Amino acid sequence: MRHVRGYSLIELLVALSMSSLLMLSVSSLMITLHQQVVAELKQAQLLIQANRINEYLVAEIKRAGFAVSQSASVVGNQLAIHYKLGECSECQYQGLLIFEEDNKLKVCNRLSANPISLTQVCEQSIKFSMLSDKLIVVESFIVSEVTSRLYSIDYALRLKGDTQLEEFSLLASARGADGAE
């Protein structure tokens, strides 16, 4: 009869501790990679939101410039836009006011049958935020009129819980109803 010998208790403990160390190092690497991916996704979300803001502002300023009855102006650090939707007598007027409040970029949007004062746009309309407030904080929003139809918009965004600011600058031109800039 042959005598079969197995692994000793010490050999098993050494193998178990080595495999535990290997699993611990692999899991810490996975956690670090996950944290990096989450941070990069948040940064990408910030850039996507900034691009969305840029596209919205440029489109609205251009839309106001093309309208026959139009106005785009700077009121403090607020961008006020007002234009008629179409050229018919029954067409409504669109009024927008874009501003920073409580570290949020807000928009008031109002349709009316008659021209309204730009300062009255927010009185009877709902203010809504242009950004994901749970993720992004607006540190500054500065609007200035470069020429009668050219606006400079500078704003700074940061991720909630982060101190690094991302600054964005935009020049938007309103074209006249005749197509001239």
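Can you tell me how many residues in the stretch 1-52 are within 30 Å of Lys106 (Cβ to Cβ) and of a type in the set (S, T, N, Q)?
4
Any residue that is aliphatic (A, V, I, L, M), surrounded by 10 or more Cβ atoms within 10 Å (Cβ to Cβ) and at pLDDT below 90 - is there at least one of those in the stretch 13-24?
Scanning the stretch 13-24, I find no residue that is aliphatic (A, V, I, L, M), surrounded by 10 or more Cβ atoms within 10 Å (Cβ to Cβ) and at pLDDT below 90, so the answer is no.
Suppose the filter is of a type in the set (Gly, Ala, Ser), surrounded by fewer than 16 Cβ atoms within 10 Å (Cβ to Cβ) and over 17 Å from Ile116 (Cβ atoms); does Gly76 pass it?
Yes; evaluated as a whole, the condition is true for this residue.
Going by what's in this entry, would Tyr7 be described as without any contact (Cβ under 8 Å) to a residue 40 or more places away in the chain and part of a strand (DSSP E or B)?
Judged against the criteria, Tyr7 is not a match.
Within the stretch 109-132, identify whether any single residue is closer than 18 Å to Asn54 by Cβ and modelled with pLDDT of 85 or more, and answer yes or no.
Among the residues of the stretch 109-132, not one is closer than 18 Å to Asn54 by Cβ and modelled with pLDDT of 85 or more, which makes the answer no.
For the stretch 65-86, indicate whether the set of residues that are in a helix (DSSP H, G or I) and either within 26 Å of the chain's Cα centre (by Cα) or at pLDDT below 80 (or both) is non-empty.
Scanning the stretch 65-86, I find at least one residue that is in a helix (DSSP H, G or I) and either within 26 Å of the chain's Cα centre (by Cα) or at pLDDT below 80 (or both), so the answer is yes.
Residues that are surrounded by fewer than 10 Cβ atoms within 10 Å (Cβ to Cβ) and assigned to a helix (DSSP H, G or I): does the stretch 50-63 have at least one?
Within the stretch 50-63, none of the residues are surrounded by fewer than 10 Cβ atoms within 10 Å (Cβ to Cβ) and assigned to a helix (DSSP H, G or I).
Which one is surrounded by the fewest Cβ atoms within 10 Å (Cβ to Cβ) among residues in the stretch 99-148 that are charged (D, E, K, R) and either touching a helix residue (DSSP H, G or I) at 6+ places or on another chain (Cβ under 7 Å) or touching a residue at least 40 places away in the same chain (Cβ under 8 Å) (or both)?
Only one residue tops the list, namely Glu145.
Check Ser152 against each of (1) within 17 Å of Leu47 (Cα to Cα); (2) modelled with pLDDT of 80 or more; (3) of a type in the set (Gly, Ala, Ser) and name the one condition it does not meet.
Of everything listed in (1) within 17 Å of Leu47 (Cα to Cα); (2) modelled with pLDDT of 80 or more; (3) of a type in the set (Gly, Ala, Ser), Ser152 misses just condition (1).
The values are calculated or read from the model by the stated rules, or taken from the named source; none is laboratory data. All of these numbers come straight from a predicted model, not from anything done at the bench. As a convention, Cβ positions derive from the backbone with ideal geometry for all residues, glycine included, and neighbour counts pool all protein chains shown.
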